[in-house]
Amino acid sequence: MAAMASVGLCRAADDARLKQRTEMVSEIAAIDAGAGVPNRSHGIAPGVLSVMRQVPRHEFVPDPQKPHAYENRPLPIGHGQTISQPYIVALMTDLLRVQPGDSVLEIGTGSGYQAAVLSQLARAVYTIEIIEPLGRQACDRLQRLAYRQVACKVGDGYYGWDEHAPYDAIVVTAAASHVPPPLIRQLKPGGRMVIPVGAQFLTQYLLLVEKSPDGSVSTRQILPVRFVPLVGKH
């Protein structure tokens, strides 16, 4: 009887979290509809919203933050870092236009949440974290949760991960002072990069960087954001 009661409690908890994720996705869609993001003819793609409804964000935050896991705000994950608010994760994912056969590079693994989301849309995700304890924890978490399309590395993301380049899409989850040239080189012609650029306590903008088939690069501002800084020796 005790085992049956335990199973019942687990199912109830799962149902409650699914309800929370569904409400979170509804909020994301509503925020996006009112955000007025320029140069977009549609809202966040249904496929991205579906993935956001599936990935258990509560598994990617520390225990004290689990009650807040599905609130639309960033949360601390230790070492001075945060997990981005769900709307920003959804928007950045949508801007990348990831396809099932794509290879994606992520700079700034953090808790592993963004990598988990991307792994449900891409063939492979390569993610780099410079803070070793955070990177090791995220890699263990992603393996435990069976996100097997994700490969992890501890290192300085400014220089990318040349071994697996070129990438169809690159996402940077910390604010850089400029777009790192190594990442431009590792982006496949026709590929897209989404990166926040700006100083920590000044205005930062989310940029969409596009590399045309002839190798030329264009950038455009999407919206003001606030991210922790990209750290490293650069």
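Readers should treat all values here as calculations from the given coordinates under stated rules, not as data from a laboratory. Please read all numbers here as calculations on a predicted model, not as lab measurements. As a convention, Cβ positions derive from the backbone with ideal geometry for all residues, glycine included, and neighbour counts pool all protein chains shown.
Taken over the range 64-81, the criterion of being without any contact (Cβ under 8 Å) to a residue 60 or more places away in the chain and not in a loop (DSSP other than H, G, I, E, B) is satisfied by 64, 65, 66, 67, 68, 75, 76, 77, 78. Search the range 47-63 for residues that are in contact (Cβ under 8 Å) with a residue 12 or more places away in the chain and pair each with any residue that is among the basic types (Lys, Arg) and not in a helix (DSSP H, G or I) when their beta-carbon atoms are under 9 Å apart and the residues are at least 6 apart or on different chains. The qualifying pairs do not exist here. Taking residues in the range 113-137 that are under 13 Å from residue 60 (Cβ atoms), and partners anywhere that are part of a helix (DSSP H, G or I) and among the aromatic types (Phe, Trp, Tyr), the pairs with Cβ atoms closer than 6 Å and at least 6 places apart or on different chains are 113/60.
Flag set for residue 84, criterion: of a type in the set (S, T, N, Q) and either buried (at least 16 other Cβ atoms within 10 Å of the Cβ) or in contact (Cβ under 8 Å) with a residue 12 or more places away in the chain (or both). Restricting attention to the range 215-234, the residues that are of a type outside the set (Gly, Ala, Ser), touching a strand residue (DSSP E or B) at 6+ places or on another chain (Cβ under 7 Å) and in a loop (DSSP other than H, G, I, E, B) add up to 4. For the range 161-182, give me each residue that is in contact with a Phe, Trp or Tyr (Cβ under 8 Å, 6 or more places away or on another chain) and either within 20 Å of residue 93 (Cβ to Cβ) or surrounded by 20 or more Cβ atoms within 10 Å (Cβ to Cβ) (or both). Answer for the range 161-182, where residues must be in contact with a Phe, Trp or Tyr (Cβ under 8 Å, 6 or more places away or on another chain) and either within 20 Å of residue 93 (Cβ to Cβ) or surrounded by 20 or more Cβ atoms within 10 Å (Cβ to Cβ) (or both): 161, 164, 167, 173, 174, 175, 176, 180. Under the condition of being in contact with a strand residue (DSSP E or B) (Cβ under 7 Å, 6 or more places away or on another chain) and surrounded by fewer than 16 Cβ atoms within 10 Å (Cβ to Cβ), which residue from the range 191-205 is nearest to residue 216 (Cα to Cα)? Checking each candidate, the answer is 203. Each residue in the range 123-153 was checked for being within 30 Å of residue 190 (Cβ to Cβ) and touching a helix residue (DSSP H, G or I) at 6+ places or on another chain (Cβ under 9 Å), and 16 pass.
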